[in-house]
Each structure stands twice: as C-alpha cells, then as structure tokens.
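All remarks here apply to the structure that follows.
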C-alpha cells in the first residue's frame, strides 16, 4: 500500500461541464507530486462501460513455451485506443492473440489489478505469485466484472494442465482463507456492485465427470493431495517471505513441488488414467512458476500476509 499521503482531485472544464476529470496524486518526501491514476467521467453516465480484452501469448521459456501461455488484459477508450494495460506480472509482444472481449467499468478493473496501490505484485491483482496463482488467475480477477475467464489460454484448463493450474489454484486463486480474505478486501475497496464472476466456490474444482474413468474415489484422493500440496506451497512461500529463498530458488521449489504433486497421482489414478488425464505433460516436468517472472515480481520485496 502507499506509504505516503494521496490526494483526490476533481476538475470540471467550464467549456464541457458535463465531464469531470478525476485524479489521484501522491508525493514522497522531497519529490514532485505524481499522478498515479486519472480518468474522465461523464456526469450523466458515470458508470459507462467500455471494452476490455484478454490476450495470451506463448510463455517465455522452454519447456512450456509451446503449450502454455502468459495472459494479460487491456482496456480501451471510446475511440478504440488502448487506455489501460494490466500486464499481470509479465510482458507482452507482437505474438499475442485475443482470447476474449467484454464490457466493464474500467476503473473497477484497474482498481482490482492493484497496479496503483501494490507495486510489489506488478499488477497481479493481489495474487501472491506462485502461491495464490499465476498470471491466469490475475487476469481472471481483473476482468471478472466483464464476466470473462482465460479459458482459451494454453496451460490453464487445457488438457492435463487443468489438474495443475486450475485444480491447485482455481479460477481466482482464493483456495485458502488468507487468499480469500485478501481478495474480499480488494473487492470491497474496488467494486460498486456485486459481480457473480468475481466470486468462486473453491470446494468443487474436480468432478468425476471431468474425464472418462474418473470416479468419486479418485476425486476424493486428488482433493486430499491438493490440500497437502497447498500446505507445502504455503511453507515454501513463507521461506521466500522470510528471506530464506531467492525468487529463483522459490520458483524452482514451487515447480518441483507441483511436479511431485502430479507424479504422486500415478498410484491414485493408475498409470493409464494418469496418462490419459495429463496427456502431453504426464511424463514431463512442467514449469508453472516462471523463474524470471518471480524475480521481477519479488524484486522489491515479498508480501508476507500468508
């Protein structure tokens, strides 16, 4: 959060009195005042919605570049020009593809991104990278007022990845009490009304009908191992927050544990069903927590509210 006072300034142009310019300004000691956020509102339509769009592009490293995507979102003005960029902890380049569009009150999306108030996470919408989720969960949070989800992103709910990124993190990354509490605080401070897609029931993320041959017994055993994995991931994050791991070591430890979780499901599912469910990643070590993104996200510190 900000460690110094901020000022909200509202300005009305006499030549166009129906429009109000809103600005949030802050000033560190000895520094010039800086505009952290600004927008212009039509007083007769203060909650005008505008286009928001989700993008995906190949993840930036092997061995996941061919079958996993980084995701992020943008918002546009009425003329179709990009007004907001929500990078979700990563970068963007010319290889991106659109994976969904909708309409939202963009200041709400911008607030949910936490770009202005939580610079440590680089616009991850309160997601503690690698622990609550990754860019997929952050993008889902930002565009939830538009009812969007990154379902067409590789590595999210596609093929075997569903049982890693979605089963371990969920859609919004609130699979534990502290994560849920933090997300509720963000929503309370950002949203003007309730949006169904900004909430999630995290107790039923795997179902017997998800895959042929999957039984309720399988699901129960998977859930038990998910809870065990979540506890271990929390311990790894605590080591990072306590300065006992570098971001690179943290990413390696998280990925190692995620792969252990995947491999531990072989005796639960049986070799054939495990191979059928996880498909191309069944026998491959995957990278879910990208090391260079972890280094970027945690370069200036680590949120320790676990």
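Worth a mention:
- Per the Cα gyration tensor, the stretch 119-201 maps to an equivalent ellipsoid with semi-axes of 20, 14, 12 Å, ordered largest to smallest.
- Cα extents of the stretch 145-188 along the three principal axes, largest first (Å): 34, 24, 9
- For the chain, the convex hull spanned by the alpha carbon atoms encloses 138 Å³ per residue.
- Backbone N under 11 Å from the residue 202 label point (7 Å along Cα→Cβ), restricted to the stretch 145-181: 168-181
- Degrees, to the nearest 10: 247-264 long Cα axis against longest axis of the chain: 40
- Taking 4 °C and 1.567 mPa s as conditions, the stretch 200-306 diffuses translationally at an estimated 84 µm²/s according to Stokes-Einstein applied to its Kirkwood radius (Cα pairs).
- Shape box of the stretch 187-250 [Cα atoms, principal axes, largest first, Å]: 44, 37, 16
- Based on Cα contacts under 8 Å between residues 6+ apart, the chain shows a relative contact order of 14 percent.
- The C-alpha radius of gyration of the stretch 132-280, expressed as a fraction of 2.2 N^0.38 Å, stands at 1.09.
- Between helix 177-190 and the chain: long-axis angle, C-alpha atoms, 0 to 90°, nearest 10: 20
- Efficiency of FRET from Cβ geometry, residue 159 and residue 31, R₀ 51 Å, rounded to 0.05: 0.55
- If you look at the Cα atoms of the stretch 257-302, you get an Rg and a Dmax of 14.6, 45 Å.
- Calculated [θ] (222 nm, deg cm²/dmol) that DSSP helices of n ≥ 4 give over the chain, each run adding -39,500 (n - 2.57): -9500 deg cm²/dmol
- Of all DSSP beta bridges confined to the chain, the antiparallel ones make up roughly 95%.
- Candidates 196, 107, 247: whichever shows maximal mean-square fluctuation once the chain is modelled as a Gaussian network with Cα springs under 10 Å: 196
Quick note: the coordinates plus some simple rules give every number you see, no bench work behind them. All values derive from a computational prediction rather than experimental measurement. Counting neighbours? That spans all protein chains shown, and the Cβs are built from the backbone with ideal geometry, glycine included.
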